[in-house]
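One structure below.
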Amino acid sequence: MNFDQKAQDWDNDPKKIERAAAFAQEIKTFMQPFPRRHALEVGCGTGLLSFMLQSEFDHITLTDTSEGMIQVLREKITQQSIRHFEPYWVDIMDTTQNFAKMDVVYTLMALHHIHDLSKAFQTFNALLNPHGFVCIADLVTEDGTFHASLGDFDGHFGFDRADLQTLMSQNGFEEVFYKICYTIKKPIENGFKEYPLFLMIGKKKE
């Protein structure tokens, strides 16, 4: 998927806004009364989720590998005079040296695009302060049809909860929350096919 080409129209899809709102509310509810500190969104796109969480944190760092998405995000930050957002066009899996320690790392529909999941959770762990949280919002295991229209998709077909629990545990996290929070409906020949999305939150063990 060419995210640079999709960036300009990304926010025009009301379902993407609805989805971000659903996960933002769940994260807000879980984090209360967590002090407002430093958060990081990985695979932020145009920042839909972070804009809905902007009042929850003193500072939010946003990263994405798509230059087009980051350009749109920067325009939105300027237009709305947001002063505590810090966007980066970078692959966080390749470098973390320029980033301070975070209290919360979150990602929405980005993990299934990352090939090396162990490295991803090792990176999340390295970025977090002791007892920090990682919030993963993504697809429940699906049959491979979610990205069928792309033709060249080479990521993960969603995630099984038990497998993700194991992966978290192997990389220094304990699962503390899991919930199916949203369902994407895609049209098929005889109606719609449903793809549930989960929110899993892990707490850094030390």
Given all pairs of distinct Cα atoms, segment 50-103 yields a Kirkwood Rh in Å of 11.9 Å
Below 8 Å between Cα atoms, with a sequence gap of 6+, how large is the relative contact order for segment 109-206 in percent? 36 percent
Cα convex hull of segment 27-130: how many Å³ per residue? 102 Å³
Share antiparallel - DSSP beta bridges, segment 3-204, percent rounded to 5: 50 percent
If the only charges are +1 at each Lys and Arg Cβ and -1 at each Asp and Glu Cβ, what is the size of the charge dipole of segment 3-204 around the Cα centre, to the nearest 20 debye? 700 debye
Below 8 Å between Cα atoms, with a sequence gap of 6+, how large is the relative contact order for segment 3-204 in percent? 18 percent
Please give the charge dipole size of segment 44-115, origin at the Cα centre, charges +1 on K and R Cβ atoms and -1 on D and E Cβ atoms. Round to the nearest 20 debye. 140 debye
For I27, I17, ascending order of other Cβ atoms within 10 Å (fewest first) is I17, I27
For the chain, what ratio Rg/Rh do Cα atoms give with a Kirkwood hydrodynamic radius? 0.94
Would you be so kind as to identify which of Q25, F159, L108 lies farthest towards the positive end of the dipole of segment 3-204, taking Lys and Arg as +1 and Asp and Glu as -1 on Cβ and the Cα centre as origin? Q25
In deg cm²/dmol, rounded to the nearest 500, the helical mean residue ellipticity at 222 nm of the chain, built from -39500 (n - 2.57) for every DSSP H run of length 4 or more, is -8500 deg cm²/dmol
Return the loop-located trypsin sites (Lys or Arg not before Pro) in segment 69-131 (DSSP other than H, G, I, E, B) with at most 15 other Cβ atoms within 10 Å of their own Cβ; answer none if there are none. R83, K101
12 Å Cα-Cα reach of K6 towards aspartates and glutamates, excluding residues that sit fewer than 8 places from it in its own chain: E67
So how do 176-187, 121-132 stack up, highest first, on mean other-Cβ count within 10 Å? 121-132, 176-187
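Every read-out reported here was derived from the displayed coordinates using simple, explicitly stated rules and does not represent laboratory data. Note that the structure is a prediction, hence the values are computed from the model and not measured. We place every Cβ from the backbone using ideal geometry, glycine too, and count neighbours over all the protein chains shown.
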